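Participant: Got a structure for you, questions after.
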Amino acid sequence: MKRWYLYPFSLGYHLGTSIRNRMFDWGLFSSKRFKTPIIGVGNLSVGGSGKSPMVMYLAAYLSKYYRTGVLSRGYGRMTKGYNVVNYESNYKTVGDEPMQLFERFKNRFVIGVCEDRVFGAKKLIEDMDLNVLVLDDSFQHRAIKPGLNILLTVYNDPYFKDFILPAGNLRESRHGAKRADIIMVTKCPNDLTEEKKQYYISRIKPQHYQKVFFSSIEYDENVMSIDKYMPVKNLDYYDVLLISGIANPTQIVKEVGKYSKKIKHLKYKDHHNFSDDDIKKIVAEYKKLGEYKMILTTEKDYVRLKTFDYLRDKIFYWPINVEIDNQEAFNQIINDYVRKN
């Protein structure tokens, strides 16, 4: 257990979330179904499970065949209500993750934000005539019942070894995993063995209707800026100021360390809203570096940091994608669900 001394508080949290889930299970709280296929992506724990890359993967794949939409709450934005991401949007109006999606894919699929998931889903589906909707961070937002639920759990911190908040990091009991149709173990090592996969499957104990998949994060061979790119192997020549505002920066720190031995890491909380004082600190740290230097960040942080004039021409980001083991079988499940519904 991560925080034993908080265990008594976890009992109360467990009671509250269990009662709420029972209310949905018994139909005392409404959970709306849609005729349009909806794929939910979420987790049992707080932050850092790889939801953004998975949503990105699903939307990119589905948009090859169907008119696809993504609905997000738009966490961290300074607006309220329903909004569709477009060329006039920024992270302040729609949130950093929706903006990240739009920056990469533009109008390849539709991206909407709304804190009221039911209203937002109905509006986006009807206005955009969608064939399928991907619902971001949906596992605990049970006012909508997706036709296909994908639960993510991190390889190094799986839900079956975790505990309920605040003693652990689970938003609800491990038993909530039974609502999933697919359980995806994320951020796996590239050399994951068949024995390790079977161990995780044995610990997950999937229901007869559940499929377990494994995925890893694939870093691009280039880092990108506003108007250029550079091979990652060239990081060896630079002092790197790494800026992260994500839930768990461990992996990107490790990846940068493969190419550069001169790294200064400034770590901020997830979805951090960078202030002028933050930028002054970043600039001051940047100036301390050697003659050949660069600022590097994540794709999600980039949509916020590039809005500051001083950083716009100096900052690079490192794109990532998700690689799914047994990808063909996973894609087949996704495609079959949408086609049959």
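The values are calculated or read from the model by the stated rules, or taken from the named source; none is laboratory data. None of these values were measured; they are calculated from a predicted model. Quick reminder, even Gly has a Cβ in these numbers, built from the backbone with ideal geometry, and neighbours come from all protein chains shown. The area values use the complete protein model at the heavy-atom level, side chains included, leaving out ligands, DNA and RNA. Shrake-Rupley method; radii C 1.70, N 1.55, O 1.52, S 1.80 Å.
Participant: Name every residue in region 242-300 that is within 16 Å of the chain's Cα centre (by Cα), among the basic types (Lys, Arg) and not in a loop (DSSP other than H, G, I, E, B), in order of residue number.
Facilitator: Correct list: Lys300 only.
Participant: Taking the residues in region 177-196 that are under 20 Å from Leu135 (Cα atoms) and not basic (Lys, Arg) as candidates, determine which candidate is surrounded by the fewest Cβ atoms within 10 Å (Cβ to Cβ).
Facilitator: Residue satisfying both the conditions and the ranking: Asp181.
Participant: Specify the residue that is most open to solvent (accessible area, probe 1.4 Å); the eligible residues are those in region 302-341 that are of a type in the set (Asp, Glu) and at pLDDT 95 or above.
Facilitator: Restricting to residues being of a type in the set (Asp, Glu) and at pLDDT 95 or above, the top hit is Glu328.
Participant: Quickly run through region 12-50 and pick out the residues that are of a type in the set (A, V, I, L, M) and open to solvent by less than 90 Å² (accessible area, probe 1.4 Å).
Facilitator: Ile19, Met23, Ile38, Ile39, Val41, Leu44, Val46
Participant: Against the condition part of a helix (DSSP H, G or I), open to solvent by less than 60 Å² (accessible area, probe 1.4 Å) and within 23 Å of Ile333 (Cβ to Cβ), how does Pro53 come out, does it pass?
Facilitator: Here the answer is yes, as Pro53 does meet what is asked.
Participant: Does Ser45 satisfy being closer than 12 Å to Leu170 by Cβ, at pLDDT 90 or above and not aliphatic (A, V, I, L, M)?
Facilitator: yes
Yes/no per residue for (1) assigned to a strand (DSSP E or B); (2) within 22 Å of Ile182 (Cβ to Cβ); (3) touching a His at 6+ places or on another chain (Cβ under 8 Å):
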{"residue": "Tyr5", "(1), (2), (3)": "no, no, no"}
{"residue": "Gly16", "(1), (2), (3)": "no, no, no"}
{"residue": "Leu28", "(1), (2), (3)": "no, no, no"}
{"residue": "Gly40", "(1), (2), (3)": "yes, yes, no"}
{"residue": "Ala60", "(1), (2), (3)": "no, yes, no"}
{"residue": "Tyr75", "(1), (2), (3)": "no, no, yes"}
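Participant: Now for a separate question. Filter region 155-171 down to the residues that are surrounded by fewer than 19 Cβ atoms within 10 Å (Cβ to Cβ) and hydrophobic (A, V, I, L, M, F, W, C) and list them by number.
Facilitator: Passing the criteria: only Phe160.
Participant: Let me ask you something else. I need every pair where a residue in region 72-83 that is in contact (Cβ under 8 Å) with a residue 12 or more places away in the chain has its Cβ under 6 Å from the Cβ of a residue that is of a type in the set (Gly, Ala, Ser) and open to solvent by less than 50 Å² (accessible area, probe 1.4 Å), sequence separation at least 6 or different chains.
Facilitator: Gly74/Gly95; Tyr75/Gly95; Gly76/Gly95; Arg77/Gly95; Tyr82/Gly120
Participant: Just to be sure before I move on: is Arg174 within 30 Å of Pro8 (Cβ to Cβ), touching a Phe, Trp or Tyr at 6+ places or on another chain (Cβ under 9 Å), open to solvent by 70 Å² or more (accessible area, probe 1.4 Å) and not acidic (Asp, Glu) in the structure I sent?
Facilitator: yes
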